[in-house]
Amino acid sequence: MAPLFTKAASGDTCGMADEADLAKAELRTRMRVALRSMDAASRAEESTGIRAAIRAWPQWAGAKVVMGFLPLPGEVDLRPLLAHALERGATVAVPVSQADGTMSPFQVQSLDPAAFEQDAMGVLVPKVRMSVAVSSLQVVLVPGLAFDAAGHRLGRGGGYYDRFLQQLPAGACTVGVGLACQRVPSLPVTATDMRVGWLAECTGVVAAQPISPI
């Protein structure tokens with residue numbers, strides 16, 4: 001999967017990147033406010049629908065090696081979905097961030113809270129570290145603060161997922177997972193931003209729209 005490059009004359013590239021970064025910062029603030037404003041019952045109901053949609057998706061149901069994520073506050077809680085994948089015999093991984101700015105998948109063998117600890121950024125990670133080969137991943141569920149219909153993603157600003165997604169094998173399915181309030185008409189993008197190929201909604205998992213060549 002190749003990163004999306006914005007079209008610009010060489011002399012304008014830096015200025016456009018700066019504008020995109022400012023727009024991203026503003027949108028991150030708006031998305032965090034929207035997520036904080038959402039009541040817990042509505043979030044739980046929508047999360048249930050999204051989990052059901054992913055569980056019914058043939059690519060997920062047939063995948064033997066998958067990667068999900070453990071939720072930060074406001075994110076869709078995928079733990080029941082990951083637990084079901086374990087029950088059906090799939091290898092389940094979650095991301096662990098490294099000090100050098102990279103991210104690697106590590107295996108989850110149980111969703112028992114006692115099996116996890118918080119890292120320096122407050123993310124839950126497995127206490128016992130068993131690595132999973134990136135080349136073996138078939139479906140990767142990707143969090144974000146916002147997504148658009150083309151599969152562009154707004155992350156939290158660290159670039160961990162953008163760097164990680166570039167390493168995936170060509171056949172891996174990447175699925176953006178977010179609530180309805182996190183879907184926006186379009187997102188500002190820069191040269192290093194990676195798109196996802198699919199978007200999870202309560203009504204199903206839909207393919208990201210192709211980008212117009214114009």
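At-a-glance table
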quantity: In the range 159-207, the residues that are at positive phi and either among the polar types (S, T, N, Q) or touching a residue at least 60 places away in the same chain (Cβ under 8 Å) (or both); calculated: Gly204
quantity: Flag for Gly176 being more than 20 Å from Ser47 (Cβ to Cβ), surrounded by 22 or more Cβ atoms within 10 Å (Cβ to Cβ) and not aromatic (Phe, Trp, Tyr); calculated: no
quantity: Residues of the range 160-193 satisfying the condition of being within 20 Å of Ala133 (Cα to Cα), within 16 Å of the chain's Cα centre (by Cα) and in a loop (DSSP other than H, G, I, E, B); calculated: Gln166, Gln167, Leu168, Ala172
quantity: Qualifying residues in the range 116-147 (those that are at pLDDT 95 or above and among the small types (Gly, Ala, Ser)) - the one nearest to Leu27 (Cα to Cα); calculated: Ala146
quantity: Residue that is surrounded by the most Cβ atoms within 10 Å (Cβ to Cβ) [pool: residues in the range 96-140 that are among the hydrophobic types (A, V, I, L, M, F, W, C), touching a helix residue (DSSP H, G or I) at 6+ places or on another chain (Cβ under 7 Å) and outside any loop (DSSP other than H, G, I, E, B)]; calculated: Val108
quantity: In the range 120-132, residue nearest to Met67 (Cα to Cα) [restricted to those that are of a type outside the set (Val, Ile, Thr) and touching a residue at least 40 places away in the same chain (Cβ under 8 Å)]; calculated: Leu124
quantity: Filter result (surrounded by 14 or more Cβ atoms within 10 Å (Cβ to Cβ) and either within 21 Å of Val184 (Cα to Cα) or touching a strand residue (DSSP E or B) at 6+ places or on another chain (Cβ under 9 Å) (or both)) within the range 52-69; calculated: Ala53, Ile54, Trp57, Gln59, Trp60, Ala63, Val65, Val66, Met67, Gly68, Phe69
quantity: Yes/no for Arg156 being of a type outside the set (Phe, Trp, Tyr), surrounded by fewer than 22 Cβ atoms within 10 Å (Cβ to Cβ) and under 13 Å from the mean Cα position of the chain (by Cα); calculated: yes
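The values are calculated or read from the model by the stated rules, or taken from the named source; none is laboratory data. Note that the coordinates shown come from a computational prediction; the quantities given were computed from them, not determined experimentally. Here Cβ is always computed from backbone atoms with ideal geometry, including for glycine, and neighbour counts include all displayed protein chains.
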